[in-house]
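The values are calculated or read from the model by the stated rules, or taken from the named source; none is laboratory data. Only a predicted model underlies this, so the values are computations on that prediction, with no experimental measurement involved. Backbone-built Cβ (ideal geometry, glycine too); neighbour counts: all protein chains shown. Please note that ligands, DNA and RNA were not included when accessible areas were found on the heavy atoms of the full protein model with its side chains. Shrake-Rupley method; radii C 1.70, N 1.55, O 1.52, S 1.80 Å.
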Amino acid sequence: EESSDASLPHAVLRPNRFMQMLTAPPLGVAAHLAESDRAEHPFADAAISMIDARDVAAVGAAILVGDDPEAQHGSQTYELTGPTAATLAGDLAEALRAIRPRPVEVAACDATKFVISAGVPEPAAARLAGFLDVLAKCSAVSDRAEAITGRAPRSLADFVRDDTRPWLPRS
């Protein structure tokens with residue numbers, strides 16, 4: 001049996017939940033808020049240090065174009081988060097006040113029922129709900145994105161301001 005110590009240089013980027021998931025089914029809340037000023041979501045009260053996917057891309061790009069990516073980042077794992085742990089009931093609702101005609105409310109609900117209502121079959125919903133329970137506990141904040149790119153990652157308010165369309169009421 002031959003073993004080799006040779007491996008490809010790499011860095012692992014490990015982001016928490018992407019902010020973009022807030023606007024996409026089945027776990028998004030934007031479509032619900034476009035229909036009503038009230039929505040239910042299993043993460044309503046969970047402080048999650050989500051990150052904008054564009055910030056993850058910026059970290060990858062900064063690593064790739066650095067002077068010596070292998071020496072600086074080789075075999076590293078980077079936990080990537082936004083600048084704070086944000087809640088949907090508090091932080092998202094507050095960010096939406098600036099762009100909507102009326103305030104919104106995001107209330108907590110059962111994760112399994114939420115994913116079933118989004119069209120996920122019941123056996124898969126139970127497994128997905130377990131994963132959501134883990135995500136709901138991802139509140140730790142890392143400074144790695146800022147340290148690598150030289151700029152703070154976008155806040156949830158920045159994310160909402162960058163593209164208001166998914167958040168505006170349809171009626």
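Some values worked out for this structure:
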| quantity | calculated |
| --- | --- |
| Amide H partners (placed H, <5 Å) of Y78, local residues excluded | V12, L13, R14 |
| Amide H contacts under 5 Å for E105, placed H, 5+ residues apart | R38, A39 |
| Among 110-120, 60-70, the order from most to least packed when residues are scored by Cβ within 10 Å on average | 110-120, 60-70 |
| Folded to 0 to 90 degrees: helix 53-65 orientation relative to the chain principal axis, Cα | 10 |
| Cα gyration tensor shape for segment 1-95, rounded if a/c is under 1.5, else prolate or oblate | prolate |
| In Hz, Karplus ³J(HN,Hα) per residue of segment 138-154 (6.51, -1.76, 1.60; θ = phi - 60°; x = Gly, Pro) | 8, 9, 5, 10, 10, 9, 4, 4, 5, 4, 7, 8, x, 9, 5, x, 5 |
| Rounded to 10°, Cα long-axis angle of helix 122-135 versus longest principal axis of the chain | 70 |
| Three-way shape call for segment 93-171 based on the alpha-carbon gyration tensor, with the a/c threshold at 1.5 | oblate |
| Per residue accessible area in Å² of the chain, where ligands, DNA and RNA are left out and the probe is 1.4 Å | 56 |
| For D37, net neighbour charge (Lys/Arg +1, Asp/Glu -1) across residues whose Cβ lies under 15 Å away | +1 |
| Whole-percent carbon and sulfur share, accessible surface of the chain, 1.4 Å | 52 |
| Charge sum, other residues only, whose C-beta stays under 13 Å from A61's C-beta, Lys/Arg counted +1 and Asp/Glu -1 | +1 |
| Mean separation of Cα contacts under 8 Å, 6 or more apart, over the residue count of the chain: relative contact order % | 35 |
| Spherically averaged projected area of the chain from its Cα convex hull (nm²) | 12.7 |
| Ranked by how many other beta carbons lie within 10 Å on average, peptides 33-44, 123-134 from highest | 33-44, 123-134 |
